[in-house]
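The values are calculated or read from the model by the stated rules, or taken from the named source; none is laboratory data. Here the structure is a predicted model, which is why all the values come from computation and not from measurement. No Cβ is skipped: glycine too gets one built from the backbone with ideal geometry, and neighbour counts run over all protein chains shown.
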Amino acid sequence: MIIRFSKYHGAGNDFIMIDNRSSVLRNLENLSGLISRLCHRKFGVGADGLILLDTSHTSDFEMSFFNSDGKKGSMCGNGGRCSVAFAHSLGLIKDKTIFTAIDGSHEAVILSKDKDCTQVSLKMQDVDNIKKTDNYFILDTGSPHYVCFTKNINDLNVFEEGRKIRYSKLFEKDGINVNFAEVKNNRLFMRTYERGVEDETLSCGTGATATALAASVSKLCKGDGVCNITAPGGELTVRFTKISETSFTDIWLEGPAVCVFKGEINI
């Protein structure tokens, strides 16, 4: 069977995008194995995850996200933005959309488009339960995140330190995404170890959102409901309205969604 796909990245967080409105992939016996092979950077296309764009009866489309290990993932912010750009390229949507993901419905707006780069703003779910300790924050922005503010972030071994936390006794059952952040000149610099990928990724959308909100709680982000974030793979912006010390609404994740190439593979 020949499968056509598009390769996208959102600030370096890369995905294999497949139009699955015919549901042909849903009938495969070992979908998880196929996905892990396709995401393998030596033997497949290579990606942090794979996204199926499916038909939805309640919104413009449904986004089904799988981690590179082949397992169904929780919400992916950069993947959501790439899904919107992909749906736009297919002619499914115009400049505004509502789509369905594993954590519910999401609004999104296409801010601009220049050749293969689409700037997308994605509305995230409200956050009202942030756990704060002396050393770190725990919060769920569609995916569970651990946020730790540190110094000399460029010198940090994110794979080693993130893996220790992700597989610690406190989190080993379900896993957690681990974000390290540093504030320099009122700008957040972030690096992330992602569960499911089990490595550092060049950016993380739900992680950027979590880091921005944690910075707001810590009063490290001085912007009026706006945090600009630099990840190794690019720039992201998080906008939000703060309701209380640990409650946020009207949260939007903005950044690029870039079509890298299109291809087909015989499975």
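A few notes on this one:
- Positions within the stretch 161-196 being in contact with a Cys (Cβ under 9 Å, 6 or more places away or on another chain), of a type in the set (V, I, T) and within 21 Å of S68 (Cα to Cα), in sequence order: I165, V178, T192
- If you go through the stretch 190-200 and keep only what is surrounded by fewer than 18 Cβ atoms within 10 Å (Cβ to Cβ) and part of a strand (DSSP E or B), you end up with just D199.
- Qualifying residue in the stretch 25-37 (condition: part of a strand (DSSP E or B) and surrounded by 15 or more Cβ atoms within 10 Å (Cβ to Cβ)): no
- Qualifying residue in the stretch 226-246 (condition: outside the structural domain of G70 (by TED's automatic domain parsing), assigned to a strand (DSSP E or B) and basic (K, R)): yes
- Test: M17 is surrounded by fewer than 21 Cβ atoms within 10 Å (Cβ to Cβ) and either touching a residue at least 12 places away in the same chain (Cβ under 8 Å) or within 19 Å of the chain's Cα centre (by Cα) (or both): no
- Residue among S68, S59 that alone is touching a residue at least 60 places away in the same chain (Cβ under 8 Å) and of a type in the set (S, T, Y): S68
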